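Peer 1: Quick one: this structure, given as structure tokens, is what I'll be asking you about.
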Amino acid sequence: MPYARTPDNVKLYYEEVGEGTPILFVHEFAGDHRSWEPQLREFGKRYRCITYAARGYRPSDIPADPATYSYRHVMHDAVAILDHLKIERAHLIGLSMGGYTVLQVALNYKERVRSLVLAGAGSGSERWYTEEFHKRSRDLATQFEREGSAAVAQTYGHGPSRIPFELKDPRGFAEFTKQLAEHDAQGSAHMSRGFQGARPSLHDFEIEIRKLTTPALIVVGDEDERCIEPGFFLKDAIPASGLAIFPKTGHAVNLEEPELFNQVVGDFLSRVDGGRWLPRDPRSRTPKPPP
């Protein structure tokens with residue numbers, strides 16, 4: 001099995017397919033490296049595609065120290081994959097936890113990023129909800145430790161933002177919940193408590209985000225309620241960004257609507273590579289009323 005090693009000596013399992021301009025896919029909390037299979041099959045025809053299992057997700061290592069699951073550790077892991085594969089710059093595509101992670105890479109290593117796709121990113125970022133999100137994430141960690149991943153897959157895995165997937169594609173949803181049930185319970189608990197339960201709101205990075213020059217595509221499902229406001233925030237804050245809202249779609253946009261996701265992302269990547277994804281013209285903004 002191919003592994004990359006992080007600066008703190010964690011082995012990360014990865015897979016790659018295709019040739020050409022590299023794309024790094026970063027998975028969500030409830031997913032793993034397998035969650036990007038519909039994208040690897042499509043974009044692997046014309047790009048070099050890499051996906052990996054985050055720390056805490058088999059077959060990657062499960063560090064015992066809970067302190068090594070911070071959002072900064074996870075951000076550095078993505079860079080470690082690029083370093084291991086000797087990739088100077090890549091398109092970065094992340095869902096949820098992965099979207100938060102690739103945004104952090106762009107904020108801290110902008111020279112490594114060709115473009116960003118931020119899908120279902122920003123859960124818990126709404127100011128009124130951040131504290132509750134952190135508490136729920138810590139409670140979920142306890143549930144993983146007490147009941148195991150199979151039980152969590154039947155509760156958290158059937159949360160409100162997952163229902164559209166279950167209704168739309170029962171077979172695909174069953175595969176998603178099966179994979180979630182296979183996750184290492186302690187690794188997931190550490191990630192839920194350390195990353196999900198402690199990461200700052202996206203609004204805490206507003207000054208840095210508004211300085212980004214990286215081309216970005218924001219994708220959100222219209223029934224993924226906790227990501228809609230963060231999606232609008234990112235659209236307003238990132239100068240060279242576009243926002244795509246998928247109808248009748250929940251959180252796992254790439255799995256729920258793989259053809260639509262691939263089409264929208266493929267167009268974005270082509271326009272970025274062709275130099276035709278431009279920053280927003282200030283003339284297109286409506287003047288804001290005085291305070």
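The values are calculated or read from the model by the stated rules, or taken from the named source; none is laboratory data. Since the structure is predicted, the reported quantities are computational estimates derived from the model, not experimental observations. Heads up, the Cβs are rebuilt from the backbone with ideal geometry, glycines too, and the neighbour counts pull from every protein chain shown.
Peer 1: Quick one: would you say R226 is of a type outside the set (D, E) and within 15 Å of T101 (Cα to Cα)?
Peer 2: No: the conditions fail for R226.
Peer 1: Also: Would you be able to tell me the number of residues in the stretch 170-196 that are touching a residue at least 60 places away in the same chain (Cβ under 8 Å) and touching an Asp or Glu at 6+ places or on another chain (Cβ under 8 Å)?
Peer 2: 4
Peer 1: Keeping to the stretch 58-93, report how many residues are closer than 19 Å to N108 by Cβ and either in contact with a Phe, Trp or Tyr (Cβ under 7 Å, 6 or more places away or on another chain) or of a type in the set (V, I, T) (or both).
Peer 2: Matching residues across the stretch 58-93 total 9.
Peer 1: Please verify whether T249 is of a type in the set (S, T, Y), crowded, with 20+ Cβ neighbours inside 10 Å, under 23 Å from R112 (Cα atoms) and modelled with pLDDT of 95 or more, treating the condition exactly as stated.
Peer 2: no
Peer 1: Among the listed residues R226, R199, identify the single one that is in contact (Cβ under 8 Å) with a residue 40 or more places away in the chain and either touching a Cys at 6+ places or on another chain (Cβ under 6 Å) or part of a helix (DSSP H, G or I) (or both).
Peer 2: R226
Peer 1: I would also like to ask the following. Listed residues R127, R114, R136, R146; which is among the basic types (K, R), modelled with pLDDT of 95 or more and touching a His at 6+ places or on another chain (Cβ under 8 Å)?
Peer 2: R114
Peer 1: Scan the stretch 1-45 for residues that are of a type in the set (A, V, I, L, M) and surrounded by fewer than 23 Cβ atoms within 10 Å (Cβ to Cβ) and jot them down.
Peer 2: Result: M1, A4, V10, V17, L40.
Peer 1: Could you figure out which of (1) among the charged types (D, E, K, R); (2) in a helix (DSSP H, G or I); (3) free of Cβ contacts under 8 Å to residues at least 40 places away in the same chain isn't true of E88?
Peer 2: Evaluating E88 over (1) among the charged types (D, E, K, R); (2) in a helix (DSSP H, G or I); (3) free of Cβ contacts under 8 Å to residues at least 40 places away in the same chain leaves (2) as the failure.
Peer 1: Going through the stretch 54-80 one residue at a time, which ones are surrounded by fewer than 22 Cβ atoms within 10 Å (Cβ to Cβ), aliphatic (A, V, I, L, M) and touching a residue at least 40 places away in the same chain (Cβ under 8 Å)?
Peer 2: Hits for the stretch 54-80 are I62, A67, A80.
Peer 1: Within the stretch 17-24, can one find any residue that is of a type in the set (A, V, I, L, M) and under 24 Å from A181 (Cα atoms)?
Peer 2: No: zero hits.
Peer 1: Another one. What residue, among those in the stretch 40-68 that are outside any loop (DSSP other than H, G, I, E, B) and in contact with a helix residue (DSSP H, G or I) (Cβ under 6 Å, 6 or more places away or on another chain), is nearest to R5 (Cα to Cα)?
Peer 2: Across the stretch 40-68, the extreme among qualifying residues is Y52.
Peer 1: Report whether or not G99 is in a helix (DSSP H, G or I), under 25 Å from P279 (Cα atoms) and not basic (K, R).
Peer 2: yes
Peer 1: Hey, does the stretch 277-290 have a residue that's under 27 Å from I163 (Cβ atoms) and either in contact with a strand residue (DSSP E or B) (Cβ under 8 Å, 6 or more places away or on another chain) or among the aromatic types (F, W, Y) (or both)?
Peer 2: no
Peer 1: Still on this structure: State whether the residues of the stretch 158-179 include one that is aliphatic (A, V, I, L, M) and within 21 Å of T101 (Cα to Cα).
Peer 2: No; the residues of the stretch 158-179 include none that is aliphatic (A, V, I, L, M) and within 21 Å of T101 (Cα to Cα).
Peer 1: Collect the residues in the stretch 202-223 that are among the hydrophobic types (A, V, I, L, M, F, W, C) and part of a strand (DSSP E or B), keeping them in residue-number order.
Peer 2: The answer is A216, L217, I218, V219, V220.
Peer 1: Tell me, yes or no, whether the stretch 22-41 has at least one residue that is among the hydroxyl-bearing types (S, T, Y) and more than 17 Å from A252 (Cα to Cα).
Peer 2: No, the stretch 22-41 contains no residue that is among the hydroxyl-bearing types (S, T, Y) and more than 17 Å from A252 (Cα to Cα).
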